[in-house]
Amino acid sequence: MEQVRADGFDEFAAARWSTLLHVARLLTGGDRQRAEDLVQEALVKLWFAWPKIADQAPEAYVRTVLVRLAARSARRRWWGERPVEQLPDRAGPVDVSSAVAERSRLEGALAQLSPKQRAAVVLRYYEDLPEAQVAQALGCPVGTARSHASRGVARLRQILSNAVRPVT
């Protein structure tokens, strides 16, 4: 039974780990630890469903699980962390490339969206899924998914344009 279940699962998990982690990071607003937890939890759920899902669409299944787990985790009140007024001192100056800075800026902006908007934007524009698959992953009608994506993009534009101040 275990061998039948494991056929193909290990290869799928290894091949898709980095992509799933990146999608989860975007869904969690850039929090790598939460993203890793989400991917691990999604892969555990996929493991149990693997015999039924393996020949169908494991990618869509695990993506749907990720979106639902991210939405559920966003509603959680306590993460075991406490915000502080000032950040602790750093070891020294860090040279950050513009690509990393831009990614961080985008992750910060994504973190300000609602979980459904964030999921819709990530699935539609990062994963490049059609609206029907986004709606299926979110568990809502296509029009609602389209609305979440549209409002999310509009909010991202607003957030990112407010963050960029022209140099005078």
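The values are calculated or read from the model by the stated rules, or taken from the named source; none is laboratory data. Everything quoted here is computed from the prediction, not taken from an experiment. As a convention, Cβ positions derive from the backbone with ideal geometry for all residues, glycine included, and neighbour counts pool all protein chains shown. What goes into the accessible areas is simple: the full protein's heavy atoms, side chains included, and nothing from ligands, DNA or RNA. Shrake-Rupley method; radii C 1.70, N 1.55, O 1.52, S 1.80 Å.
Summary table
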read-out	value
First in segment 4-23 and farther than 20 Å from L123 by Cβ, second anywhere and assigned to a loop (DSSP other than H, G, I, E, B) and modelled with pLDDT under 90, Cβ under 6 Å, 6 or more apart	G8/A54
Residue count, segment 131-162 (criterion: farther than 21 Å from A24 by Cβ and of a type outside the set (A, V, I, L, M))	12
Test set (1) modelled with pLDDT under 90; (2) part of a helix (DSSP H, G or I); (3) of a type in the set (V, I, T) - V167 fails condition number	(2)
Residue list for segment 44-84, filter: open to solvent by 70 Å² or more (accessible area, probe 1.4 Å), among the β-branched types (V, I, T) and at pLDDT 85 or above	V44
Residue that is closer than 20 Å to L21 by Cβ and part of a helix (DSSP H, G or I), where the choices are L156, L129, L106	L106
Filter result (open to solvent by 50 Å² or more (accessible area, probe 1.4 Å) and charged (D, E, K, R)) within segment 114-159	K116, R124, D128, E131, R146, R151, R155, R157
Matching entry among L138, L113 (being within 18 Å of A154 (Cα to Cα) and modelled with pLDDT of 90 or more)	L113
Helices (runs of 4 or more DSSP H) contained in segment 1-66 and holding at least 3 residues closer than 20 Å to E107 by Cβ	9-27, 32-53
